[in-house]
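Enquirer: Quick one: structure below, then a few questions.
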Amino acid sequence: MTVRVNDRRRYNPDGTPRPGVSEAESEGLAQSDSSSGSGEAVAASGQDEVTQLRAELDAARRRVDELARGIQDVMRDRDEFKQRIQRERDRMIEVEKGQVALAIIEAIDELDLSLAADDGSPFAQGVRLIRDKLLQKLQASGIERVELLDRPYDPNAAEAVDMELVASPAKNDRVLAEQRAAYALRGRVIRPGRVKVGRYVEPAKA
């Protein structure tokens, strides 16, 4: 059995031909509908491709951002590492400088003991000159002698090895004598002194 499909553009619903519609026109309409369908398919395909390209572009941008952040983190870690190395290097230099300074300080202590009985002789003057030169070398390295005499006693800068009763409240807890000098490197005490401290006791009332 043969099934015939009638073109609705050429035939009425009852199967009779429509007047004024030739077979060539019907075929043109069919081709027009086919071209329209093909255009819509191409447009849909192009839209899908644009959407895909945009998605790939967004993914690429996110990846670039991740890589940029990673590079920044690496550079920051590198800078922090360099700073830690520099701080450690500076600390080691300070430690070595302090050790060398202690040896010089001990020599100055011996010279101070020799000058305790300074009689003004040429020998004493020579000893004082050597002592002053050593102190200058320490100062050039950032090491200074801490002034303790007649100042309030500071346990961080000196050790109280002796005590003396004083009659004036103004001299209470003040350094009366310095038995060994204190030295500091850029404000940090590297060798505490030894001092005599005054202690005021209120007189008993009669």
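The values are calculated or read from the model by the stated rules, or taken from the named source; none is laboratory data. These numbers come from a predicted model, not from an experiment. Cβ placement follows ideal geometry from the backbone for every residue including glycine, while neighbour counts extend to all protein chains displayed.
Enquirer: Find all pairs meeting these conditions: Cβ atoms under 6 angstrom apart; at least six residues apart or on different chains; first residue within segment 160-184 and in contact (Cβ under 8 Å) with a residue 40 or more places away in the chain; second residue among the aliphatic types (A, V, I, L, M) and in a strand (DSSP E or B).
Expert: 183/143; 183/190; 184/146
Enquirer: Conditions: (1) surrounded by 14 or more Cβ atoms within 10 Å (Cβ to Cβ); (2) more than 45 Å from the chain's Cα centre (by Cα). Residue 134 meets all but one. Number of the miss?
Expert: (2)
Enquirer: A further question on this structure: Need the failing condition index for residue 154 against (1) in contact (Cβ under 8 Å) with a residue 40 or more places away in the chain; (2) surrounded by 15 or more Cβ atoms within 10 Å (Cβ to Cβ), just the number.
Expert: (1)
Enquirer: Okay, next question. What are the pairs with Cβ atoms under 6 angstrom where one residue, in segment 76-92, is more than 17 Å from residue 188 (Cβ to Cβ) and the other, located anywhere, is assigned to a helix (DSSP H, G or I)? Sequence gap at least six, or different chains.
Expert: none
Enquirer: Being more than 33 Å from the chain's Cα centre (by Cα) and at pLDDT below 90 is the filter here; which residues of segment 184-204 pass it?
Expert: Matches in segment 184-204: 201, 202, 203, 204.
Enquirer: Quick check, is residue 144 among the acidic types (Asp, Glu), within 24 Å of residue 97 (Cα to Cα) and touching a residue at least 12 places away in the same chain (Cβ under 8 Å)? Give the derivation first.
Expert: Working: among the acidic types (Asp, Glu): yes; within 24 Å of residue 97 (Cα to Cα): yes; touching a residue at least 12 places away in the same chain (Cβ under 8 Å): yes.
Yes; evaluated as a whole, the condition is true for this residue.
Enquirer: How many residues does segment 85-131 hold that are touching a strand residue (DSSP E or B) at 6+ places or on another chain (Cβ under 6 Å) and surrounded by fewer than 10 Cβ atoms within 10 Å (Cβ to Cβ)?
Expert: Counting residues in segment 85-131 that are touching a strand residue (DSSP E or B) at 6+ places or on another chain (Cβ under 6 Å) and surrounded by fewer than 10 Cβ atoms within 10 Å (Cβ to Cβ) gives 0.
Enquirer: Kindly establish whether residue 124 is in a loop (DSSP other than H, G, I, E, B) and within 27 Å of residue 183 (Cβ to Cβ). It would help to see each step written out before you state the result.
Expert: Details: in a loop (DSSP other than H, G, I, E, B): no; within 27 Å of residue 183 (Cβ to Cβ): yes.
When the stated conditions are applied, residue 124 does not pass them.
Enquirer: Checking the condition acidic (Asp, Glu) and either buried (at least 18 other Cβ atoms within 10 Å of the Cβ) or touching a helix residue (DSSP H, G or I) at 6+ places or on another chain (Cβ under 6 Å) (or both), which residue from 164, 202, 178 passes? Walk me through it before giving the result.
Expert: Working: 164 fails: either buried (at least 18 other Cβ atoms within 10 Å of the Cβ) or touching a helix residue (DSSP H, G or I) at 6+ places or on another chain (Cβ under 6 Å) (or both); 202 fails: either buried (at least 18 other Cβ atoms within 10 Å of the Cβ) or touching a helix residue (DSSP H, G or I) at 6+ places or on another chain (Cβ under 6 Å) (or both).
Just one listed residue meets the conditions, 178.
Enquirer: Follow-up. In the list 64, 100, 146, 127, which residue meets the criterion of being β-branched (Val, Ile, Thr) and under 30 Å from residue 170 (Cα atoms)? Outline the logic, then answer.
Expert: On the way: 64 fails: under 30 Å from residue 170 (Cα atoms); 100 fails: under 30 Å from residue 170 (Cα atoms); 127 fails: under 30 Å from residue 170 (Cα atoms).
From the options 64, 100, 146, 127, the qualifying one is 146.
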